[in-house]
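Following: one structure in structure tokens, then a few remarks.
The values are calculated or read from the model by the stated rules, or taken from the named source; none is laboratory data. Keep in mind that what you see is a predicted model, and the values were worked out from it rather than measured. Cβ placement follows ideal geometry from the backbone for every residue including glycine, while neighbour counts extend to all protein chains displayed. The protein model used for the area step is the full one, side chains on, heavy atoms only, and it has no ligands, DNA or RNA in it. Shrake-Rupley method; radii C 1.70, N 1.55, O 1.52, S 1.80 Å.
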Amino acid sequence: MRRLALVLLPEFSNLGLAAVTEPLFVANWLAQRTLFEWKSVSVDGKPVRASNGAILAVDGDLAAARDCASVFVLASFEPLPSARSRPLTRWLQRAARSGLELGGIENGSLALAEAGLLDSHPAAIHWDNLAGFQELFPKVRITATPFSLTRNRLTCAGAAAILDMMIAWIAQHADAPVAEEVARHLLLNRGRKLHDEPRDPVIDQARALMQSYIDEPLPCESIARRLNISLRQLERRFKEALGRTVHAEYRLVRVERAHQYLQQTRLSVTEVAALTGFSSVEYFAKVYRRAFAMLPSEDRRQATDAPVFRRQPPGVTLAPQPARRVLRS
């Protein structure tokens, strides 16, 4: 039997918690014996608020995890203040010295990284948090996979990938046949098709170049030349597929990166403007305000009621997107 502690940080994802625990329950149910036990803890032992507003009682504080062989840290919105908690950091460092298996679920990986426990380890980070994470923790090796399982370290980008990770984890700590049965019961053995629509490889390659040249944007003519296509042909393909010019798409790519830096790091607005290739802070603020209906200086929190970057459908240009008002029960 393996005991697992789930450290819940404020604004954690209830979906993430369910995705961790439900496969464990199904494994125990299928085996008709207790293969896994788990408990939820918080840093101070008090109930924790999830990102959807639910308040979850826990089984105790960090000391309640003393009999567990594995520890998963779960975090989602507003992760940095909790991840930088000195009591949590010190406790995780002691746990690592004791040989415990440590995992970061979604932004829970920030807590492990803050404690220096992911240096030189592969880490699976959600795409929306990738830019900020890389800026804060350059020593961590980012993996392209949705989750990573190595000896005594585990990271997961979150959402549906948690279920896949838990199947692999159950196979590692119980046995493969049980893990396969759990996958079947959770309908995880079918193929997942993320994109049904046909993709234009030229547009994908052009966007990859844009992503690689954020701080010093390439001229659109240079992008076309690197793809062995005329600028006129490239513009036509962008207009047909996305309803936008090449320049407008490039600006959108840079605004998305700026949005991530602003919400996920403590870089100044001036630094963010420079890192995303804007010639002046004034122009950056103008473009940003068009996209999010607020100035960059006002968008410094990765919270549930903060502005959300959304790619517009073909034919729609950047339009103001006010911050969401999240209803709490």
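Tabulated data for the structure shown
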quantity	calculated
Protection proxy ranking of 150-160, 2-12, 31-41 - average other beta-carbon atoms within 10 Å, highest first	2-12, 150-160, 31-41
Distance in nm between pseudo-label sites at A57 and I142 (7 Å out along the Cβ direction from Cα)	4.2 nm
Cβ-defined net charge surrounding L136, 12 Å radius [Lys, Arg +1; Asp, Glu -1]	+1
Dimensionless Rg/Rh of the chain - Kirkwood Rh, Rg from C-alpha atoms	1.01
Residue among A258, A19, A63 with the largest mean-square fluctuation in a Gaussian network model of the chain, springs linking Cα atoms under 10 Å	A63
E37/D200 FRET efficiency (R0 51 Å; Cβ-Cβ; nearest 0.05)	0.55
Extension gain (nm, one decimal) between Q134 and R184, 0.36 nm per residue minus Cα-Cα	14.4 nm
Contour excess over end-to-end distance, with Cα ends at R94 and S212 and 0.36 nm allotted per residue	38.6 nm
Accessible area, probe 1.4 Å, largest first, for residues S279, S297	S279, S297
Net length gained if the chain between D175 and D305 were fully extended (0.36 nm per residue, minus Cα distance)	42.6 nm
Summed residue charge, Cβ within 10 Å of R266's Cβ, Lys/Arg positive, Asp/Glu negative	-1
Distance in nm between pseudo-label sites at S280 and T150 (7 Å out along the Cβ direction from Cα)	4.6 nm
The chain: DSSP helices with Cα axial extent of at least 18 Å and average Kyte-Doolittle hydropathy no lower than 0.5	14-31, 160-173
Summed residue charge, Cβ within 13 Å of T276's Cβ, Lys/Arg positive, Asp/Glu negative	-2
Tensor-based shape of the range 53-128 (alpha-carbon gyration tensor, a/c under 1.5 rounded, otherwise prolate or oblate)	oblate
Value of Rg/Rh across the range 1-114 [Cα atoms, Kirkwood radius]	0.96
Accessible area of D128 in the full protein assembly, 1.4 Å probe (Å², nearest 10)	50 Å²
Label point distance in nm, R226-T245, each placed 7 Å from Cα along Cα→Cβ	2.0 nm
